[in-house]
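Structure first, then comments.
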Amino acid sequence: MSKKEKGIVIDKSIKRKHKLETKGVKVFYDDFMAIKGIDMTIKANKVTAFIGPSGCGKSTFLRLFNRMNDYVDGFRLEGEVRIDGENIYKKKINVEQLRKQVGMVFQKPNPFPKSIFENVAYGLRIQGINDKRYLSEKVEDSLKQVALWDEVKDDLNKSAIALSGGQQQRLCIARTLAVEPSIILMDEPTSALDPLSTAKIEELIYELKEKYSIVIVTHNMQQAGRISDYTAFFYLGELIEYDRTKKLFTNPEKQQTENYITGRFG
Amino acid sequence: MISLDQHREALNQSGVEMLSLCRKQLENARDAFFTHDSDLAEEVIRTENRVNALDLKIDRDCERFIALHNPVASDLRFVLALRKINFDLERVGDHAYGISKYIIEVDTPIEDRLLEIMRVEEMFESALSMLDDITDAYIEADAKLARKVFKKDKVLNKINMKSFKIISTEVRINPESIDQFLLLFSVIKKLERIGDLVTNIAEEIIFFREAEVVKHRKKKTFKRGKEE
């Protein structure tokens, strides 16, 4: 893929540490203000967890970073969302390129009704890459990164739908990794999984932060505590508290945060 | 289903019960000591079983609280603090028990003159007063009240430090009273240790309230709270 292509947001040849920033971000769905002016800097190569009750705006905020909200009717943004200082909502941004750089994993595993191999190769193929050797290498590399290779290496042509839920989710992460993103957004990636599969994904997230900046929305407080370096607590469209996870879960500054993490409201 | 708040309140009440029980044990041990009342000393010894049973109950309940509720923030600090407070109180109970055992083992009461020069009564009073302060601090969850005991503990430490010299002088003058001196010395050591244990409890209350670890540190007086 040519790096000269117009609209590349992140030049990976320079560095792999990518910082996400928002300045005075407000999000409207028609007249409803879902995000009420958030300034935030998300550190590179760290896991940052977004927590908060349903409807607090954490998923909306997460989806700002790969412009997934663009498809929502009535969506309007004020303020700036920046990746490495570049406003990703300015006109000349190539959104497809942006999404290549900012991968996303969803709550429910969503493999395509294709083979395991084709699922992982999908992102590369739509970029026009058809070199078999290159694709094989990338597929193997991606499946190894998510610790799925040993489980599926002899069944690469089998349908991905036949995999278990936990395997499917790891496959979806592998599909995201194959296109070499720099940032991975995860929206409750383990909420549909059993504890064992959850543990595997959590371990994976912990390992992936060496190479990627990861932002994860989770309703599982213990999960946020276990895997994230930083935690942000959202409530009614506002960022109430954002701190090191160790600090936030042991001695939060704000009473609202304390009430939420101790299960007293929300 | 028992809610986190209900479970925590039940634990809190057990903590109050343990405080009150151990304070009563020390109070009875003091009364038995000064009046040489072996019946009362026996009662302290018998009641030690209750202290141990409550200690085990609190430990078990703390474990359940952690397992069932996965506490964080102040809930977590509360249960961690309570476990240590419980451990320290059980030791206070052990010392009250130890003092009571001496009363039964020693036939003759200790001379008033010795008690006076060794300031034993003052030590008992200081220790009991520290236990009163710490009980209030625990019930009110008040770190400022908890800090009051640091100063009182110094009185106990001072008397304890001086006791060795007094005893070594006295024992030369009255070698026939050596048994009494040794007993007194042991009681003083126990009371000094009780002061340390109550100080530890104060540190745990401060940790619970302010998320501040003050043990192994010079004690400061400062206050902090949460932003609303």
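Read-outs throughout are calculated quantities, based only on the coordinates presented, and are distinct from any laboratory measurement. Keep in mind it's a predicted model, so treat the numbers as computed, not measured. Neighbour counts are summed over all protein chains in view; Cβ atoms, including those assigned to glycine, are modelled from backbone coordinates with ideal geometry.
Odds and ends about this structure:
- One residue stands out in segment A:89-127 among those that are without any contact (Cβ under 8 Å) to a residue 24 or more places away in the chain and outside any helix (DSSP H, G or I): the one that is nearest to A:Ala160 (Cα to Cα), namely A:Tyr89.
- Single match in B:Asp132, B:Asp136, B:Asp112 (criterion: farther than 30 Å from B:Glu9 by Cβ and either touching a residue at least 60 places away in the same chain (Cβ under 8 Å) or charged (D, E, K, R) (or both)): B:Asp112
- Residues of segment B:75-107 that are more than 14 Å from every other protein chain (Cβ to nearest Cβ), free of Cβ contacts under 8 Å to residues at least 40 places away in the same chain and not basic (Lys, Arg): B:Phe87, B:Glu105, B:Asp107.
- Pairing residues of segment B:1-12 that are within 13 Å of chain A (Cβ to nearest Cβ) and touching a residue at least 40 places away in the same chain (Cβ under 8 Å) with residues that are among the aromatic types (Phe, Trp, Tyr) and surrounded by 13 or more Cβ atoms within 10 Å (Cβ to Cβ), at Cβ distances under 9 Å and at least 6 apart in sequence or on separate chains, gives B:Leu4/B:Phe65; B:His7/B:Phe65; B:Arg8/B:Phe65; B:Arg8/B:Phe78.
- Residue match in segment A:192-203 (condition: within 14 Å of another protein chain (Cβ to nearest Cβ), assigned to a loop (DSSP other than H, G, I, E, B) and touching a helix residue (DSSP H, G or I) at 6+ places or on another chain (Cβ under 9 Å)): no
- Any hit, segment B:210-219, residues being assigned to a helix (DSSP H, G or I) and in contact (Cβ under 8 Å) with a residue 12 or more places away in the chain: yes
- Candidates A:Asn157, A:Asn130: the one that is part of a loop (DSSP other than H, G, I, E, B) and either closer than 14 Å to A:Gly103 by Cβ or free of Cβ contacts under 8 Å to residues at least 24 places away in the same chain (or both) is A:Asn130.
- Taking segment A:220-266 as the range and being among the β-branched types (Val, Ile, Thr) and either within 29 Å of A:Phe32 (Cβ to Cβ) or more than 8 Å from chain B (Cβ to nearest Cβ) (or both) as the test, the residues that pass are A:Ile227, A:Thr231, A:Ile240, A:Thr245, A:Thr257, A:Ile261.
- Qualifying residue in segment B:67-74 (condition: touching a His at 6+ places or on another chain (Cβ under 9 Å), surrounded by fewer than 20 Cβ atoms within 10 Å (Cβ to Cβ), more than 30 Å from B:Ser177 (Cα to Cα) and touching a residue at least 60 places away in the same chain (Cβ under 8 Å)): yes
- From B:Glu111, B:Glu125, B:Glu105, B:Glu121, residue being charged (D, E, K, R), surrounded by fewer than 16 Cβ atoms within 10 Å (Cβ to Cβ), within 21 Å of B:Leu40 (Cβ to Cβ) and in contact with a Phe, Trp or Tyr (Cβ under 9 Å, 6 or more places away or on another chain): B:Glu121
- Selection within segment A:170-213 - free of Cβ contacts under 8 Å to residues at least 12 places away in the same chain and among the aliphatic types (A, V, I, L, M): A:Ala199
- All helices (runs of 4 or more DSSP H) inside segment A:216-266 with 1 or more residues being more than 27 Å from A:Glu203 (Cβ to Cβ): A:255-261
- Filter result for A:Tyr235 (over 21 Å from A:Arg170 (Cα atoms) and in contact with a Gly (Cβ under 7 Å, 6 or more places away or on another chain)): yes
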